[in-house]
Every structure is written in C-alpha cells, then in structure tokens.
Amino acid sequence: MNKIYLDHGATTPMREEVFETMKPYLQDNFGNPSSIHSFGREVRKAVDEAREQVANAINAQPEEIIFTSGGTESDNLAIQGVIEKIGDKGNHIITTQIEHHAVLDTCEAMEEKGYKVTYLPVDKYGLVNPKDLQEAINEDTVLITIMHGNNEVGTIQPIKELAEIAKDNDVYFHTDAVQTVGNIPIDVQDLGIDMLTLSAHKFYGPKGIGALYIKKGTKLQRVVHGGAQERKIRPGTENVPGIVGLGKAIELATEELDTKGKHIQKLRDKLIEGLSKVEDSRLNGHPERRLPNNVNMSFEYIEGESLLLNLDMKGIAASSGSACTSGSLDPSHVLMAMGLSHQTAHGSLRLTLGRDNTEEEIDYVIEAVPEIVNRLRDMSSIWKGKEANYSN
Amino acid sequence: MNKIYLDHGATTPMREEVFETMKPYLQDNFGNPSSIHSFGREVRKAVDEAREQVANAINAQPEEIIFTSGGTESDNLAIQGVIEKIGDKGNHIITTQIEHHAVLDTCEAMEEKGYKVTYLPVDKYGLVNPKDLQEAINEDTVLITIMHGNNEVGTIQPIKELAEIAKDNDVYFHTDAVQTVGNIPIDVQDLGIDMLTLSAHKFYGPKGIGALYIKKGTKLQRVVHGGAQERKIRPGTENVPGIVGLGKAIELATEELDTKGKHIQKLRDKLIEGLSKVEDSRLNGHPERRLPNNVNMSFEYIEGESLLLNLDMKGIAASSGSACTSGSLDPSHVLMAMGLSHQTAHGSLRLTLGRDNTEEEIDYVIEAVPEIVNRLRDMSSIWKGKEANYSN
Amino acid sequence: MYNEKVMDHFQNPRNVGEVESPDGVGEVGNVTCGDIMRISIKVNNNEEIEDIKFKTFGCGAAIATSSIVTEMAKGKHINEARDIKNKDVADELDGLPKNKLHCSNLAADALTKAIKNYLGEEDDEEQEHEDESNETQ
Ligand SMILES: Cc1ncc(COP(=O)(O)O)c(C=O)c1O
Ligand SMILES: Cc1ncc(COP(=O)(O)O)c(C=O)c1O
Ligand code: FES
Ligand code: FES
C-alpha cells in the first residue's frame, strides 16, 4: 500500500536537492567555521551564503539572521531575549491564546518570573481582533508576540495591521512564522515586524535548525551563553550541514511559492469540500484567511486518536492538533479558544498538504474518512443511541 | 598538496559509517517522532535506540540522556537549569578559571543575576587542587561545574575525587566532558557525577547535536520552553538525523577507544618530543594527565596567528587556543590561569590529533614547525635583536 | 506506541453495541480526558454475565480496553467480574503506554457500575482507583 502523507504541518520530507547541498558538509567539508585555517574558511563561506539565502527569502539583511536549533529555540530567544534585556523598562507581554507551546510556555515561564502576560482571545475563526491588541497595550508593555499562521487550524493573522499598532506604541513585535515561511510570501519590511521565527523542517529542510530574524537595532540578550558564534547572540559550534540545508530549502521554497502553492491550495479546497459532506462535521479555522495547505475538520461524536489510528491503518498519516502537543491529553487549546466544546475539539482532524500530494490521494482520503467516521460513530457512546443511557 | 588536519579539538570529520546511518533519516524516514502515525513511530524508534547507544557508552540509563543542540547548550542547561530550580536554596556556584566559554560565560551571566561564583585557580599544569574545592564550598553552594579534559591544554582533572567532595557536601556536580567523551573511557557511575555534557562533532559525529546526562533525581528546570519533547526538559522537534548520528558515533568511538586511542597517543608523544627540540619552546598542560590527542606548545617571541597562517600555507590545520574563542584578541584565559606570561601565551600552538593522522604527517609537521618558528622569529621585534629596536 | 494486542482489539473490537433490554448499564466519563464509555450487561439466573456490550467515545486505548473488558467479564459470576481492576485490564492487554494507563480506568469503572446498577446499589466512589496507574509499564 502506498502511504499518503498529510501531516506536513508536523514536518516535511527533506527535498533531494537539499540533501545534495548538505552532503559535502556531512562528508569532506567538515571544518569548524570559527577556525582560521582553510578547513574553517571553506565552511564559513557556506554559512555566510546560507545566511544570505535566508535574508533574501524574507527581504532582510544577512546580519539580521541568527541561526538557532529550530522554531522552539527561536521563539524562546525572541521572548526571553527581549525580556532579559529590557524587562526592567516594563513588565508586560502581550500574546494570544492560540500560540504554539514554544511561545505559550515561554510566556508562562515569564509569568512565573513576575512578568504580566495578556493572552488575547480569538474569534470563532481563530482571528485576533486588532482592537483587542490596541486596548491591551499599556505603558508597561515591552513585547507583543503573535503567530503568523496557526499550526492547528491554519488561520492567518493580520500581522501587518497588528505590527503597526505595536509600532505606534513603540513596542517590539515578534511573530512565530514557522507555519507560513515557505508556504506564503513573507516580507519582513512590509510586515513591519521586529523579529520573526522560522524552522527549516517545515519547508522541506532539515530538522533541528531554524533562524530568528532580528531587525537591526533590536535590543535582545542571548539566552544560551558561550563562544562568539552568531554574533554572540547564539553561541555553540554551528550546525553547518543544517544551516546550509536551511539556506537551500528556503531558496527553493520561495522560488515555487506561486506554482506549488496554487497546486496545494486547489487540493486543499477539494479536500475541504469533500469532507464537509460528512454529517455533523465542521471546518475549523477561517474559510479564506488560512494556510494554503491546512485542512482542519471536526467530526462530532468521535475522538481524534481513534480516527488517526484508523487512518494510519489505511495508510493515511494525519494529525489531530499539533504533533508537538501530543504529550498532553487535554483537547487542543486552540480549538477551545475558538469556542468549540470539549467534545467537538476532541473529534478534530488536521490534514496538512504538501508539494508531492496528488489529486488521486485526495480522492482516496475523501472516500476513506467518512467510512472510518461512520465505523467509529457506530461504536460511540454518545452517537444517536443516547436514549439507551440508563445511568444517572 | 595533501592537507594535514591537526585540529580535532575544534571539530572532527564525520565518519562515513555515521553518515550512512544518518542518511535514511535525511531522506525517506523523515517523520516527526511525536506523530502517532507510522512515519512518526518509525523515527521514534530510531531516537530511542540512539538514546540507548549514548547511555551504554557512558554507563547511564537511557532516561538519563537528554539530547540538545550541542555542548554549549548542554552546559547552559546544566548550569542555568539547576540554578533556576534550586537557586533559592543557596546562591553560590563553584567552577574553575579554565572552563570553556560555554561554562564560563554562563557562570558570569549567573553572577549578573546576583549569584556568587568562585573561579578555582589551577596549578602550572592546569590542574585543580581538590583542597581548593573543599575550601571553596560553603553552605550556599548549590552547584559545582568542573570540566573533564581541557580543550586547550588537554589537562584532565581528577573528576572522581572532586565529585566525591561535592557528594560529601551534598552539592550537585556537573562536568563538561566535551573533550573526553570518545577520547578516553567514561563511566558516569564510577565518576560519581550528577551531570555530564557531551557534543557529537568532537568524536566524528555531526555538528549541532549533543547531550546532557542528568542522573535520575537531579532537580533541574528547562531553559528553553515549549512542547513535550525530551521529557519536557528540552522541547522542540528532535534533530532526528543528528541524534541518530550521535548514537552511532559514540558507539563507534567507544568500541575503538583502546586501539585508536593507543595509535593517537603514540603520535602525540612523538609530536611533543619532536617539537620540544625547538629552542625556547615549552609544553603546556600536564605531561601525563592529558588528553591522548592534545599537544599544546608555546614558542617564545612569536605570535600564534602568524604561526597558524604560516602552517595553513604549508597545508597544516592547527589552532591557537580554542577555535571558539577566536572572536577575541585576548590571550587564552587558560594559559593565563596557568601562569604563563601574556607574551608566552600569545605564542601558543594547539595540535590535536585524530584517528586518521599518520606517522608521516607527524614527521612533516615536526619538520615544518621549526622552519616557520625561525622565520617568524627572524622578523620578530622581541627576538634577540632587541638592540635593533629604535622605538621607545 | 500501542502493542499488537491493543491494536488487535482496537481494530477488531469485540462486543460492540448495546445489549437488548439489559439488566444493568454503567456509563462513566473519564475525568482525565473527557472520554465516555457505556457498558450494558445481561445477567442469567446464576448471576453470571451472559451477554455484555460496550460503546465508547474515546482514544485507541479506551476502545481496546472496552473490548477486552467485555471478553474478560463474559461468562463470569458478577462477584468475580466486579473484582476486575483497571490494572488487570491493562495487564490482559500486555500493557499500555504510561500516559494511557488512565484509559483502563474507564473500562473497569464502567463494568463495576453496570454490575452495581444491576444490583440496585448506590454508586458513590467510582474514582476509587483513579491513580494507582502511574508506575506500571
Ligand atoms: C507555529 C509553530 N511554532 C513553533 C514550532 C516549533 O518549531 P520546532 O519544532 O522547529 O522547534 C512549530 C512546530 O512544531 C510550530 O508549528
Ligand atoms: C570543553 C568544551 N566545552 C564546550 C564546547 C562547546 O561545544 P559545542 O561547540 O558543541 O557547542 C567545546 C567545543 O568547542 C569544548 O571544547
Ligand atoms: S597587532 Fe593585530 S592582533 Fe595584535
Ligand atoms: S485518552 Fe481518554 S480514554 Fe484514553
């Protein structure tokens, strides 16, 4: 059975071109970029090139790109870094209720240190209201961090508008763009933001490497201490193959944003249409302002994990909420923030498409899901036969 | 010209076997280990296996191994993590003057937060005196962090003895073993330590991946916040290829500790003997208690960078002090702590051998170095011809 | 993450449905995760469980434990069936992942509750063995 991978929101397969680009740095070009001899200089050049590729892709300057070990570390560096540096000027952070745990948990850690955090609500589509942001800002606010595209429901926030409010109030604005970079065009100048998080493995690059865009002049203190690498903002021997792979991956992704993006979006719309025909189902997230590759549906009366396991047995890899949160049994905090009931949230399915998915695969999924949903509903204690419930 | 790499202390070439082990995880096995579908489960298994390989290599339990992005992050996690968690029980840390910047700078950052740090001195061989440690401990001491093998001069500390003092005083003991793991046998039980840092790229594994051994029961708070990965101690999507590569590399290194170790040590001794014949030279570090692959010599009246550049032109890759400190112009803090004069410290050369170095290469180096040293001395303002110096 | 036996019971759950005119029904919700399970039983004159069926809204482990608990209880005297603890259920499945041990509570609780319902007993302490779950593997 050919497997169908529909979990590109969790991670993506690495592109062959990216692998080929990394290969020399996993074999012969092994030097430490900090070394002044030829082995070192050679790889230093490669790291610099990758930095340019990243900068070009998001319309930044190379000096504004700091490589990290991934999206989680970038989020932490942005938030902890700013707070450590200017937290004495004001003790208030603003974020949203639907952030990834990398942001949410970091904000909570700041709360434990005595900072105040406002978690902005979202509407039923998962959108933040700019008015809410405006009202939440006070004279103690030093940082606003609002994600670009939501990893679970795909809703894309009006970052430009939100960042403008931040700017008007002289507050730093960070956005977690892990789900949007490589999926939709990103221009940090146009967005008007101060910091942006990205992670290579979400756009066909390697795992364990990411970057933080830090606009020139932004005051920030490093989180990890040590040597002089990455302009002393992120010490540690550079993950050279990872950095080179990130550079190549972001370049490739940017080149095909138009073409592949349209293909993926077409499949997404087909999938949404097909699955919406299932009785008692609903689309989660915004119908238009959503990631081109994200489908998130709730099917009442069934539970996500059983659905996933059944799909897996049919060769379909999907997820229910973010893979990164799977350590928890609570229903998705994102769906709850959007007002779904505990039960509806439990029955949610996330299908995230990628560049290699085909129309045939989508047809297969549109057939498979309703069968499984029906089977699970037949054995569900809360489906129809409620009248049979004798207990108190 | 065939190049001679003698900078294995900075980083090592990745072994072909390690590359081959990583390859599938850079290509087909790309899943996110947190995903419950088949793509995820497959790589989860690989991550678990690597954890066992690391645990076996240092005589720990798999649950005691946390993967990080490298030695620097592991050092930070150990120090910041313990202080964040139990820093309210006592505000005193003990370390040494010769630590790597990953430890030194982290301790300084703790000082800025109000903690007190004692930097133990070393003798002229770079050895810490256990008596000094005993005396430095007070009732506020909560953490002792002392490196195993020094990255510049190769001196190996009496960790077992030092850790015992820590234990007797009920204080956590961490050791940065980045330079020893893969080079000499390591047994965390026998050493009696609570935490140990290691980094894959120092033993023919990939860059950007390391681990922290955390003895069961050790109280420690995470530094980077986010998802549930690595038992919530180190969140972020796992660097699967890196982890798999680390596992393989440590297994291979441990297997050949005896055989390759002897070969390397023989070359080292030959090199030391050959270079010691240079007039006004001296060996830095302990003559016996030193890393099997480390040679560190000072040549009076010349400066390290010019020496390195000249060696590089002859195809010899070496370093002067640690590559990671190359951002700084100050003479090595390690050599200074050992009592070398500013000038002598400046003229130091580190040659660190590896498994692929040959006797012929060593012969070549023993010939090349004196030539270069003489050439540089001939143009040195402080060499002999001081009388020719007209400036005041 | 789940072993073969768990997956077998998940894929081919035994005794799904509702017993017709049951003698006892027990429905429980899991405080940890919000999942819901209902067990209905038919008891014969010897006070043996002659028929038993389940319906479950829950995760893979919840469905598998429901399935196996019906097999374990079927044909047993109600006093014996009452003694089935969540750990027995997990053991019968050759173990569950740590974070899924709580799921086995559902099955044991629903069964006990169905038996109590048959006996006309008050139900007061359904969460009695809620957290002996954590250390078995
Ligand atoms: C929105 C978002 N932020 C942050 C992350 C964390 O990125 P990483 O897994 O690279 O640490 C993810 C991925 O899981 C994500 O989807
Ligand atoms: C003793 C020591 N500690 C820590 C490090 C830092 O390790 P990494 O470069 O993997 O962050 C190094 C390597 O440069 C080292 O030699
Ligand atoms: S004169 Fe250049 S570093 Fe001293
Ligand atoms: S997670 Fe709810 S019963 Fe298993």
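Results, tabulated for the structure shown:
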| item | result |
| --- | --- |
| Size of electric dipole in region C:4-135: Cβ of Lys, Arg +1 and of Asp, Glu -1, about Cα centre, debye, nearest 20 | 540 debye |
| Paramagnetic label zone (point 7 Å from Cα along Cα-to-C-beta, residue A:17; backbone N under 20 Å) in region A:150-182 | A:180-182 |
| Position residue A:116, label points 7 Å along Cα→Cβ, spacing to each other copy in nm (shortest first, one decimal) | 3.6 |
| Helical mean residue ellipticity (222 nm; -39500 (n - 2.57) per DSSP H run of 4+; nearest 500) of chain B | -12500 deg cm²/dmol |
| Value of D in µm² per second that Stokes-Einstein yields for chain B, Kirkwood Rh from Cα pairs, at 37 °C (0.692 mPa s) | 150 µm²/s |
| Whole-percent pair-distance distribution, where bins are 10 Å wide, for the alpha carbons of region A:64-174 | 14, 50, 33, 3 |
| Nearest 10 degrees, 0 to 90: helix B:159-168 Cα axis against chain B principal axis | 50 degrees |
| Unit charges on C-beta of K, R, D, E only; dipole of region B:16-253, Debye | 620 debye |
| Leading residue at positive end of dipole, region B:57-184 (Cβ point charges), from B:171, B:77, B:107 | B:171 |
| Prolate/oblate/rounded call for region A:2-125, Cα gyration tensor, a/c under 1.5 rounded | oblate |
| Listed residues B:18, B:141, C:37: farthest to the positive end of the dipole of the protein assembly as shown (Cβ charges) | B:18 |
| Unit Cα scatterers, Debye sum, the protein assembly as shown: log10 I(q)/I(0) for q = 0.04, 0.05 Å⁻¹ | -0.21, -0.33 |
| Order by protection proxy (mean Cβ within 10 Å, highest first), peptides A:288-294, B:97-103, A:88-94 | B:97-103, A:288-294, A:88-94 |
| DSSP beta bridge pairing in region B:16-253, given as percent antiparallel to the nearest 5 | 40 percent |
| FRET efficiency for residue C:48 and residue B:330, using Cβ-Cβ distance with R0 set to 60 Å, rounded to 0.05 | 0.10 |
| Cut-off 19 Å (backbone N to label point 7 Å along Cα→Cβ of residue A:140), residues of region A:149-175 | A:169-172 |
| Calculated FRET value between residue A:86 and residue A:28, using beta carbons and R₀ = 41 Å, to 0.05 | 0.40 |
| Cβ-Cβ FRET estimate between residue B:38 and residue A:289, R0 fixed at 35 Å, reported to 0.05 | 0.60 |
| Degrees separating the helix B:240-255 axis from the principal Cα axis of chain B, which is the longest one | 60 degrees |
| Cβ nearest the rotation axis (A onto B), residue from chain A and distance to the nearest whole Å | A:69, 2 |
| Alpha carbon Rg of region B:179-323, scaled by the compact-globule rule 2.2 N^0.38 Å | 1.32 |
| 7 Å along Cα→Cβ, label-point gaps from residue B:259 to other copies, nm, shortest first | 5.0 |
| Selection from A:226, A:61, A:337 lying farthest towards where the dipole of chain A points positive, charges on Cβ | A:226 |
| Cα-based helix-to-principal-axis angle, A:71-86 vs chain A, degrees rounded to 10 | 60 degrees |
| Fraction in percent of alpha-carbon pairs per bin - 5 Å, region C:4-135 | 2, 12, 24, 26, 20, 11, 4, 1, 0 |
| At 7 Å out from Cα toward Cβ: residue A:378 inter-copy label distances (nm, ascending) | 9.3 |
| Helical segments meeting 18 Å axial Cα length and Kyte-Doolittle -1.0 threshold in chain C (DSSP H) | C:60-73, C:103-119 |
| Shielding score for B:219-231, defined as the mean number of other chain Cβ atoms within 10 Å | 6 |
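Only the coordinates and a few stated rules stand behind these numbers; no lab work does. Remember, predicted model here, so these are calculated numbers, not experimental data. We place every Cβ from the backbone using ideal geometry, glycine too, and count neighbours over all the protein chains shown.
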